[in-house]
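Peer 1: Here it is, the structure, as structure tokens.
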Amino acid sequence: MAIEAPATRPANPRFSSGPCAKIPTFSLDLLADAPLGRSHRAAVGKTKLKDAIENTRDVLGIPADYKIGIVPGSDTGAVEMALWSLLGERKATMVAWESFGAGWVSDVVKQLKIDADVKTADYGDIVDFADIDFNTDVVFTWNGTTSGVRLPNADAIPADREGLTICDATSAVFAMDLDWDKLDVTTFSWQKALGGEAAHGVIVLSPRAVARLESYTPAWPLPKIFRMTKGGKLIDGIFTGATINTPSMLAVEDYLVALDWAKSVGGLKGMIDRATANATAIWNFCDAKPWIANLASDPAIASTTSVCLKFTDERIQDGAAFAKAVAKRLEAEGVALDIGAYRDAPAGLRIWCGGTVETSDIEALLPWLEWAFEAEIAAQ
């Protein structure tokens with residue numbers, strides 16, 4: 001018997017975890033003020049870049065004495081810039097609970113060859129921060145983009161720590177409440193929670209991080225795109241709009257538009273509320289269905305942006321093939337694009353729930369998810 005398809009479809013089927021859905025009001029017409037064909041060093045370019053920095057500070061509530069820079073290479077470039085420029089002054093602690101965090105471990109231990117303790121957790125769990133020595137430099141991801149778990153708060157990070165905290169927050173920023181006093185280096189890419197265009201990263205430095213940069217010189221040579229100091233002093237221009245290399249002014253304009261939209265929906269609180277509503281709709285759906293569950297082992301650490309799901313039905317013979325087939329059915333129907341689990345993660349689905357996604361689209365997707373599950377069970 002044919003399984004009847006739901007009557008309602010998501011207005012926007014884009015649930016990719018990066019690049020993520022554009023803001024709901026997006027139109028190319030909104031980018032008309034981009035200074036195309038102009039130098040980013042010209043006054044108009046510098047003004048746009050400085051506006052992007054200060055609007056970021058405003059929306060996220062970043063302290064006035066923290067430095068914010070737009071850097072090349074997306075979040076990856078920003079993280080690598082921090083690792084290569086700041087680590088090596090003391091022992092490090094590398095914390096990982098998903099694939100990207102594992103990549104930072106590899107870079108530090110195998111490439112930079114820094115003395116480091118490595119603490120890991122399986123997909124769906126996080127490391128206990130109470131067991132971490134914060135007199136070392138600690139590198140961690142706030143939210144596991146590929147594992148669907150997050151640090152619920154920064155309470156375990158001591159205010160009187162001697163080491164630096166370096167946080168990859170790319171799938172947490174604009175969707176979760178970050179404690180800036182506990183973060184010395186924070187990185188992200190605006191292509192995540194604000195649906196911006198890819199290739200640009202952002203690095204946020206606390207006064208403690210700046211002091212380290214100005215007092216410590218790594219033993220290894222630094223590529224130009226990683227250099228944040230000259231003559232032992234911070235290159236302040238990087239943090240006022242004079243970028244290290246040429247940025248896309250079209251992408252910067254897109255980011256400015258997205259920041260204005262974020263302000264229009266209530267700023268950071270509004271964005272957090274939107275992501276929480278989206279994730280909660282999926283959590284409630286999972287609670288009501290015996291065949292699907294959140295990959296997160298504990299609701300307290302479940303991500304509100306990259307929600308990762310696993311199929312639990314005993315009739316499923318090949319979990320990876322089944323999950324791929326469900327995702328393929330949903331894409332063929334045009335109701336959910338790019339929601340397969342990350343290639344290194346356990347088999348399942350990953351649905352982006354950041355603030356640029358409408359809760360009505362999540363709610364419209366869920367009956368289709370059940371339809372695709374039942375159709376694939378029947379086809380086994």
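Peer 1: At 7 Å along Cα-to-Cβ for each site, give me the label-to-label distance between Asp273 and Ala321 in nm.
Peer 2: It works out to 4.7 nm between the two label points.
Peer 1: Any idea which of Val109, Ile157, Ile70 is furthest toward the positive side of the dipole for the chain, if Lys and Arg beta-carbons carry +1 and Asp and Glu beta-carbons -1?
Peer 2: In the chain, that residue is Ile70.
Peer 1: Pulled fully out, how much extra length does the chain show between Arg227 and Val265, if you take 0.36 nm times their separation in residues and subtract their Cα-Cα distance? Kindly include the intermediate steps, with their values, before the conclusion.
Peer 2: Working: separation 38, 0.36 × 38 = 13.68 nm, distance 3.65 nm.
Between Arg227 and Val265, full extension yields 10.0 nm more.
Peer 1: Along Cα→Cβ, 7 Å out, is where each label goes; now give me the distance between the ones at Asp122 and Val44 in nm to one decimal.
Peer 2: Computed distance between label sites Asp122 and Val44 equals 5.7 nm.
Peer 1: May I ask for the longest run of the chain untouched by GluC sites (Glu not before Pro) that are loop-located per DSSP and have at most 12 neighbouring C-beta atoms (other than their own) within 10 Å? Could the numbers behind the result be given before it?
Peer 2: Details: sites that count: Glu4, Glu162, Glu314.
So the longest stretch without any such site is 5-161.
Peer 1: Given the options Asp168, Asp131, Asp184, which has the most mean-square fluctuation in a GNM of the chain, springs set between C-alpha atoms less than 10 angstrom apart?
Peer 2: Asp131
Peer 1: Rounded to the nearest percent, how much of the accessible area of segment 95-177 (1.4 Å probe, protein heavy atoms only) is carbon and sulfur? The partial results should precede the final answer.
Peer 2: On the way: 1240 of 2980 Å².
Using a 1.4 Å probe with all protein chains present, segment 95-177 comes out at 42 percent carbon and sulfur.
Peer 1: So, one more: Taking 0.36 nm per residue of sequence separation and subtracting the Cα-Cα distance, how much length would be gained by fully extending the chain between Arg57 and Trp291, in nm to one decimal? Before the final figure, lay out the partial values.
Peer 2: On the way: separation 234, 0.36 × 234 = 84.24 nm, distance 4.27 nm.
Full-extension gain reported as 80.0 nm.
Peer 1: Kindly state, to the nearest 0.05, the FRET efficiency for Leu250 paired with Ala11, given R0 = 25 Å and r defined as their beta-carbon distance. Could the numbers behind the result be given before it?
Peer 2: Working: r = 25 Å, r/R0 = 1.02.
So the FRET efficiency works out to roughly 0.45.
Peer 1: Whole angstrom only: what separates the Cα centroid of segment 3-49 from the Cα centroid of segment 281-358?
Peer 2: Result: 25 Å between the Cα centres.
Peer 1: Now a separate question. What is the helix-to-structure angle for 43-60, meaning the angle in degrees between its Cα long axis and the longest Cα principal axis of the chain, kept from 0 to 90 and rounded to the nearest 10?
Peer 2: Helix 43-60 sits at roughly 60 degrees to that axis.
Peer 1: From the P(r) of segment 137-265, can you give the percent of Cα pairs sitting at distances over 20 Å?
Peer 2: Numbers: 4391 of 8256 pairs.
So the pairs more than 20 Å apart make up 53 percent of the total in segment 137-265.
Peer 1: Going by amide H atoms built from the backbone, whose H comes under 5 Å of the H on Val138, apart from near neighbours?
Peer 2: Result for Val138 returns Thr93, Leu164, Thr165, Ile166.
Peer 1: Then there's this: Taking θ = phi - 60°, what integer Hz values does the Karplus form 6.51 cos²θ - 1.76 cosθ + 1.60 yield along segment 186-199, in sequence order, with x for Gly and Pro?
Peer 2: 10, 10, 6, 10, 6, 6, 8, 5, 10, x, x, 7, 6, 4
Peer 1: Starting at the first residue of segment 129-145, write each ³J(HN,Hα) from the Karplus equation 6.51 cos²θ - 1.76 cosθ + 1.60 with θ = phi - 60°, in whole Hz, x for Gly and Pro.
Peer 2: Values per residue, Gly and Pro as x: 5, 5, 9, 9, 8, 7, 7, 8, 7, 10, 10, 7, 9, 6, 10, x, 4 Hz.
Peer 1: Of Asp361, Asp177, Asp65, which is the most mobile in a GNM of the chain whose springs link Cα atoms less than 10 angstrom apart?
Peer 2: Evaluated over the chain, the most mobile residue of the options is Asp65.
Peer 1: Within segment 207-315, what whole-number % of the accessible surface is contributed by carbon and sulfur, with the 1.4 Å probe and all protein chains included in the calculation? Mind dumping the intermediate values first?
Peer 2: Working: 2810 of 4930 Å².
Reported share for carbon and sulfur atoms: 57 percent.
Peer 1: How tilted is helix 74-86 with respect to the longest principal axis of the chain? Cα atoms for both, answer in degrees (0 to 90, nearest 10).
Peer 2: For helix 74-86, the angle is close to 40 degrees.
Peer 1: Which aspartates and glutamates have a Cα lying under 15 Å from the Cα of Lys113, excluding residues fewer than 8 positions away in the same chain?
Peer 2: Hits, sequence-local ones excluded: Glu80, Glu89, Asp137.
Peer 1: Using Cα springs under 10 Å in a Gaussian network model of the chain, which residue among Ile68, Ile166, Ile132 shows the largest mean-square fluctuation?
Peer 2: Judging by the Gaussian network model, the answer is Ile132.
Peer 1: With a Förster radius of 56 Å, plug the Cβ-Cβ distance of Asp177 and Ala378 into 1/(1 + (r/R0)^6) and report the FRET value to the nearest 0.05.
Peer 2: 0.80
Peer 1: Tally Lys and Arg at +1 and Asp and Glu at -1 over the other residues with C-beta under 10 Å from the C-beta of Arg9: what net charge comes out? Numbers along the way, then the final one.
Peer 2: On the way: positive: none; negative: Glu333, Asp361.
Here the count lands on -2.
Peer 1: Using the heavy atoms of the protein chains alone and a 1.4 angstrom probe, what is the accessible area of segment 214-369 per residue in square angstrom?
Peer 2: Values: 6910 Å² over 156 residues.
Value for segment 214-369: 44 Å² per residue.
Peer 1: Straight distance only, please: which aspartates and glutamates reach the Cα of Lys233 with their own Cα at less than 14 Å, same-chain residues fewer than 8 apart left out?
Peer 2: Filter leaves Glu214.
Peer 1: Return the aspartates and glutamates within reach of Lys328: Cα separation strictly under 20 angstrom, same-chain partners fewer than 8 residues apart disregarded; answer none if there are no such residues.
Peer 2: Glu4, Asp313, Asp318, Asp338, Asp344, Asp361, Glu363, Glu370, Glu374, Glu376
Peer 1: With a Förster radius of 41 Å, plug the Cβ-Cβ distance of Thr280 and Leu28 into 1/(1 + (r/R0)^6) and report the FRET value to the nearest 0.05. Kindly include the intermediate steps, with their values, before the conclusion.
Peer 2: On the way: r = 32 Å, r/R0 = 0.79.
Given R0 = 41 Å and the Cβ-Cβ separation, E is 0.80.
Peer 1: With everything on Cα atoms, drop me the angle between helix 267-288 and the longest principal axis of the chain, reported from 0 to 90° to the nearest 10.
Peer 2: The angle comes out near 30 degrees.
Peer 1: Quick one: accessible area per residue over segment 92-132, 1.4 Å probe, rounded to a whole number of Å²?
Peer 2: On the way: 1870 Å² over 41 residues.
Each residue of segment 92-132 exposes 46 Å² on average to a 1.4 Å probe.
Peer 1: Give me the 1.4 Å probe accessible area per residue for segment 1-69, excluding ligands and nucleic acids, in Å².
Peer 2: Values: 3950 Å² over 69 residues.
Per-residue value: 57 Å².
Peer 1: I want the local charge near Val59. Using Cβ-Cβ distances under 11 Å, sum +1 for each Lys or Arg and -1 for each Asp or Glu among the other residues. Mind showing how you got there, number by number?
Peer 2: Details: positive: Arg57, Lys263, Lys269; negative: Glu54, Asp58, Asp260.
Local charge sum for Val59: 0.
Peer 1: Among the trypsin sites (Lys or Arg not before Pro) in segment 77-129, which ones are in a DSSP loop with at most 12 other Cβ atoms within 10 Å of the Cβ? Mind listing them? Walk me through the intermediate numbers first.
Peer 2: Details: sites: Arg90, Lys91, Lys110, Lys113, Lys119; in loops: Arg90, Lys91, Lys113.
Qualifying residues, ordered by number: Lys113.
The values are calculated or read from the model by the stated rules, or taken from the named source; none is laboratory data. As the structure is a computational prediction, the values presented were derived from the model and not from experiment. Here the Cβ is made from the backbone with ideal geometry for all residues, glycine too, and neighbour counts use every protein chain on show. Keep in mind that these areas ignore ligands, DNA and RNA; they rest on the heavy atoms of the full protein, side chains included. Shrake-Rupley method; radii C 1.70, N 1.55, O 1.52, S 1.80 Å.
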